[in-house]
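Where a number appears in this text, it was derived from the coordinates with a stated rule and is not lab data. Please read these numbers as outputs of a predicted model, since none were measured by experiment. Note that we place each Cβ from the backbone using ideal geometry, even for glycine, and neighbour counts take in every protein chain shown.
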Amino acid sequence: VSQKGLALVDRDEDGVDRAFRNDVLEGLRQPQKAVPARWFYDDRGSQLFEDITRQPEYYPTRAETEILRERCGEFAELIGPGRAVVEFGSGSSVKTPVLLGCIDPSAYVPLDIAGDFLRQSVADLSAKFPDLPVHPVEADFMRETALPDEVADLPKLGFFPGSTIGNMVARTAVDLLRSMRATLGHDSHDGAMLLIGMDLVKDRAVLESAYDDAAGVTAAFNLNLAERINRELGGTIPLDRLRHQARWMDDYSRIEMHLVATQDIAFQVSGESFAMSAGESIHTENSHKFSRRSAFTLLLAGGWTPVRRWTDGEDRFSLILARA
Ligand code: AVI
């Protein structure tokens, strides 16, 4: 999960993030209003996401951590020691140490656009693995990135947990997989590998409640996007007239999150006027769910050949090891 770091943000003379404003205004002008999910992750949004992962209904984090813990020996065997682990997004404080503890890597390279998150994850990791060289890279992992010279000659393992790939439509996901392949290097003798988390299709009720927990944390996470628009873009969106909704869209194999107007509303953002009728929504997130086949097809389209697939004891979540 990324958040815009200071160094890479392009701000106008009023300190407004230009990319945020463009994405929001363009999205609100569409017939189906939509704002890209990456704008969820300001400080409050990142904190709320952490809280989501602890909700009883939100199974992905626990299921993926279970797989990492239980399959440690198999990772060691199939991946082997001595690789540079390149994590796309700054590391999770739980999952990353479990993986690193299994495979005896030579270096760890967290790659994230948010400098603050990177520094935190480097500090956490170095405390747990004092002898492991850590080389953080502040960059947008959606683009091909030059890795530090120190890891140039090491075989690489890309690590992309959490099913963040599911937040992208297929075209963007394929672009990302291809750029990961380019970043990690696919033409060396000891080809790159990728360990990626992909959430599984399951019962509609289980999915919808994972994205609409009883404590209202996911609702707060979704509404925080509208609050952020009001705060940073001089918005007047009436927050008390928007309702969080999680919909399973079977044809697209995804959960969609929406902010639905509970009555007719009118508001302004950055001086531009918008209106929504009761029942109309702003589409804020896609979270695609995969079958074994659809996961493999996506990986193959992105240039990766699956090597092994694991699921948790309840078949809720998958981790897939692939080679370039
Ligand atoms: C970060 N990403 C994988 C989460 C997901 O499950 O799609 C974001 C999230 N949105 C609502 N709950 C969690």
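Run the numbers on segment 103-202 and let me know its relative contact order in percent, using alpha-carbon pairs under 8 Å that are six or more apart.
Worked out over segment 103-202, it gives 28 percent.
Within 10 Å of each candidate Cβ there may be at most 11 other Cβ atoms; applying that plus a DSSP loop requirement, which chymotrypsin sites (Phe, Trp or Tyr not before Pro) in segment 1-99 survive? If you can, show how the numbers build up before the last one.
Details: sites: PHE20, TRP39, PHE40, TYR41, PHE49, TYR58, PHE75, PHE88; in loops: TYR41, TYR58.
For chymotrypsin sites (Phe, Trp or Tyr not before Pro) across segment 1-99 that sit outside H, G, I, E and B with at most 11 neighbouring Cβ atoms in 10 Å, the list is empty.
Quick one, what does Rg over Rh come out to for segment 112-196 if you take C-alpha atoms and the Kirkwood Rh? Write down the numbers at each step before the final one.
Details: Rg = 13.7 Å, Rh = 14.2 Å.
Answer for segment 112-196: 0.97.
Okay, helix-only estimate at 222 nm for the chain: each DSSP H run of n ≥ 4 adds -39500 (n - 2.57), divide by all residues, round to 500 deg cm²/dmol; what do you get? Numbers along the way, then the final one.
On the way: 10 runs with 111 residues, N = 324.
When only DSSP H runs of four or more count, the value is -10500 deg cm²/dmol.
Would you mind giving the average projected area, over all directions, of the Cα convex hull of segment 1-156 in nm² with one decimal? Display every interim value, and only then the final one.
Values: hull surface 46.7 nm².
Projected area, direction-averaged: 11.7 nm².
Mind checking the log10 I(q)/I(0) for segment 1-86 at q = 0.14, 0.19, 0.20 Å⁻¹? Debye, one equal scatterer per Cα, no solvent, two decimals.
The Cα Debye sum returns log10 ratios of -0.79, -0.98, -1.01.
When the Karplus curve 6.51 cos²θ - 1.76 cosθ + 1.60 is applied with θ = phi - 60°, which whole-Hz ³J(HN,Hα) does each residue of segment 165-172 get, with x for Gly and Pro?
Those phi angles translate into 4, x, 7, 10, 6, 4, 4, 5 Hz.
Counting pairwise Cα distances across segment 249-312, what percent come out greater than 12 angstrom? Could you put the intermediate results ahead of the total?
Details: 1572 of 2016 pairs.
When all Cα pairs of segment 249-312 are counted, 78 percent exceed 12 Å.
Give me the percent relative contact order of the chain, please, defined on Cα pairs under 8 angstrom at least 6 residues apart.
Numbers: 629 pairs, mean separation 64.1, N = 324.
Once divided by the residue count of the chain, the mean separation gives 20 percent.
For the chain, what is the convex hull (Cα atoms) projected area averaged across all directions, in square nanometres? Intermediate results must be reported in sequence, preceding the final value.
On the way: hull surface 65.3 nm².
Over every viewing direction, the Cα hull of the chain projects on average to 16.3 nm².
Can you bin segment 66-117 into rounded, prolate or oblate? Criterion: square roots of the alpha carbon gyration tensor eigenvalues sorted a ≥ b ≥ c, rounded for a/c under 1.5, prolate for a/b above b/c, oblate for the rest.
Details: a/c = 3.02, a/b = 1.60, b/c = 1.89.
Oblate.
Give the lysines whose C-alpha is closer than 26 Å to that of LYS95, dropping any in the same chain fewer than 8 places away, or say none.
Of all the lysines, those that pass the test against LYS95 - Cα under 26 Å, at least 8 places apart if same chain - are LYS4, LYS128, LYS156, LYS202, LYS289.
Taking the Cβ of THR65 as the centre, find all other residues whose Cβ is under 13 Å away and add up their charges (Lys, Arg: +1; Asp, Glu: -1). Mind dumping the intermediate values first?
Details: positive: ARG54, ARG62, ARG69, ARG71, LYS95, ARG316; negative: GLU64, GLU66, GLU70, ASP312.
Within the 13 Å Cβ shell, the charges total +2.
How many percent of the alpha carbon pairs in segment 192-313 exceed a separation of 17 Å? Working shown, then result.
Working: 4789 of 7381 pairs.
That fraction is 65 percent.
Hey, got the dipole for the chain? About the Cα centre, +1 on K and R Cβ, -1 on D and E Cβ, debye to the nearest 20? Spell out each step's value before the answer.
Values: 36 positive and 50 negative charges, 148 e Å.
Here the chain has a charge dipole of around 720 debye.
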